[in-house]
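Structure, as structure tokens:
Just so it is clear, none of the values below were taken in a lab; they were calculated from the coordinates. Just so we're clear, the structure is a prediction, and the values are computed from it rather than from any experiment. Positions of Cβ are generated from backbone atoms using ideal geometry, with glycine treated the same way; all protein chains shown enter the neighbour counts.
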Amino acid sequence: MKHHQYNTGFKFVHNPIDFNKYTDREVLQYCLGATLYMPGKKDILPAIFNKKLLGLTSMVLDFEDAIAKEDLSLAEENVYNFLESIADAISKGRFSDDDLPLLFLRVRNINQFVSFSEKLSLKHVQILAGFVFPKFSTKNGDLFLSHLKYLNEYFGEILYGMPILESSEIAYKESRAAELEGVMKLMKPYRELIVNVRVGATDISSKFAVRRGIDYSIYDILMVRDCLADILNYLSREGEEYVLSAPVWEYFLADKGMKFQETIDTNIHTSLLRRNLIVDEAIDGLLREVIIDKANGFVGKTIIHPSHLKYVNAIQCVTEEEYEDALQIVSTSGGVIKSSKSNKMNEINPHKNWAKKILLRAKAYGVIENEASYFKLFLKQAD
């Protein structure tokens, strides 16, 4: 698995790495990128076998919000058959596991997690990267993670967990600090089994009966913004860092004829902030939000439509200037030095954590020449 496979002709300054679920977790946690959520009852097998989703590197099959209660049995049967078909195709040499995205299952609750996992055999577990835990809290978190640990020990395989922070206790200000502190303590013994922490901004928004529009970002919704800020404060601080994935963008205009404007500002940030049309209002809104996600320390994003894959993953790339600054910072013992482009100061100690994350993101997504390269990278499927 490798990012940006939809545009194999693109020339990177440094190419992204190949990865799979066995890649070292320190690097793998940066690799998920645009994680596509699909209802568990959807037949995704033909698209996987026929490689129709070339930009897909991580996927979640959902047993929770995307599935009505009466459809749960159907969804479980569909996912089980999906795993059986993939395992059979790999064993017979008709499909390579290198072409399989990191595959996660979002369980409905702890009881459904336990009951469905009892149906799995080693060949299924070898295909799975792990499980996603909805409405993760101090009330249910240890149940989810202790069973995940049991599965790892029972099968002798790696299965990662991805908690979703979206509970009422985190949404409401008066309980948030205590809940986040409790979640941090709960997750600490299981740190090596957690590949990402996700945030459920849609669930949080629902607590206040609000929803962002297509013309602005989740960061414009004050209650959600404050909640996201606190989650980042607790879980991305020095010494406690988890890689956090940004909340879902809910809008898509799946118009196969959509084109870039002929004239595009070479700086993507400037174009978006000035609201110069790039693709369409839905994709431009997505790009605008991903840039704010990245500025605040989120890596990757939950997505609900395949058309979003290339845009989210392209924006994760590191520019050559960022890369050179990061290398300069990690290779210098201290003090303040002028950047390689002579346009900023690199203060070694304060910028070191930033530099380490930049270099890990560069491994996962590659290094591009400059801002204009973002357009060239996702232009492949948009023209």
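Things worth noting here:
- Between the amide H of S58 and those of L36, L102, distances stay under 5 Å, these residues lying 5 or more places away or on another chain, with hydrogens modeled in the peptide plane.
- Base-10 log of normalised Debye intensity for the chain (one unit scatterer per alpha-carbon) at q = 0.10, 0.15 Å⁻¹: -0.65, -1.51
- Whole-number percent relative contact order across the chain, with pairs defined as alpha carbons under 8 Å at least 6 apart: 20
- In the elastic network of the chain, a GNM with C-alpha springs shorter than 10 Å, the most mobile of D293, D62, D99 is D99.
- Estimated from helices alone, the mean residue ellipticity of the chain at 222 nm is -12500 deg cm²/dmol (sum of -39500 (n - 2.57) over DSSP H runs with n ≥ 4, per residue).
- Computed about its Cα centre, the charge dipole of segment 43-200 is approximately 320 debye, with only Lys, Arg, Asp and Glu carrying charge at their Cβ.
- Positive-end residue, segment 5-316 charge dipole about Cα centroid, Cβ charges, pick of H124, G156, N111: H124
- The string of couplings for segment 323-337 from the Karplus curve (6.51, -1.76, 1.60, θ = phi - 60°) is 4, 5, 4, 5, 4, 4, 5, 6, 9, 10, 6, x, x, 10, 9 Hz, one whole number per residue in order, with x for Gly and Pro.
- Reducing segment 186-214 and segment 1-31 to their Cα centroids gives an inter-centroid distance of 25 Å.
- GNM flexibility winner over the chain from L145, L36, L83 (Cα, springs under 10 Å): L83
- Debye intensity ratio I(q)/I(0), log10, segment 42-180, q values 0.14, 0.18 Å⁻¹ (C-alpha model): -0.69, -1.07
- From least to most packed, judged by other beta carbons within 10 angstrom and beginning with the fewest, V243, V336 follow the order V336, V243.
- Result for the chain in a Gaussian network model with C-alpha springs under 10 Å: among Y22, Y160, Y190, the largest mean-square fluctuation is at Y22.
- Approximate spin-label separation D142-K344, in nm, with each point projected 7 Å along Cα-to-Cβ: 4.3
- Listed by chain and number, the aspartates and glutamates placed with their C-alpha closer than 16 angstrom to that of K41 are D62, E64, D65, E70, D71, E76, E77, E84; residues fewer than eight positions away on the same chain are left out.
- Table column - 3J(HN,Hα) (Hz), segment 200-212, Karplus curve with 6.51, -1.76, 1.60, x for Gly and Pro: x, 5, 5, 5, 5, 4, 4, 5, 10, 6, 10, 8, 6
- Anchor K173: lysines whose Cα lies under 28 Å away (excluding residues fewer than 8 positions away in-chain): K135, K139, K185, K188, K207, K294, K301
- Note on the chain: dipole from Cβ charges, positive end direction compared against F136, M345, Y216; the farthest Cα belongs to M345.
- Relative compactness, segment 287-359, computed as alpha-carbon Rg over 2.2 N^0.38 Å: 1.30
- Computed about the Cα centre, the dipole magnitude for the chain is approximately 320 debye when only Lys and Arg (+1) and Asp and Glu (-1) carry charge, each at its Cβ.
- One quarter of the convex hull surface built on the alpha carbon atoms of segment 318-365 amounts to 2.9 nm², the projected area averaged over directions.
- Computed from phi, the 3J(HN,Hα) profile of segment 134-143 under the Karplus parametrisation 6.51, -1.76, 1.60 (θ = phi - 60°) reads x, 6, 5, 8, 5, 7, 10, x, 5, 5 Hz, with x in place of Gly and Pro.
- In this structure the amide hydrogen of M162, modeled in the peptide plane, comes within under 5 Å of the amide hydrogens of F131, V132, F133, none closer than 5 places in sequence on its chain.
- Look at the alpha carbon pairs under 8 Å that are at least 6 residues apart: their mean separation over the length of segment 318-365 gives a relative contact order of 43 percent.
- Using the Cα coordinates of segment 111-253, the gyration tensor eigenvalues translate into equivalent-ellipsoid semi-axes of 29, 18, 13 Å, sorted from longest to shortest.
- DSSP-loop trypsin sites (Lys or Arg not before Pro) across segment 154-247, with at most 14 other Cβ within 10 angstrom: R211, R237
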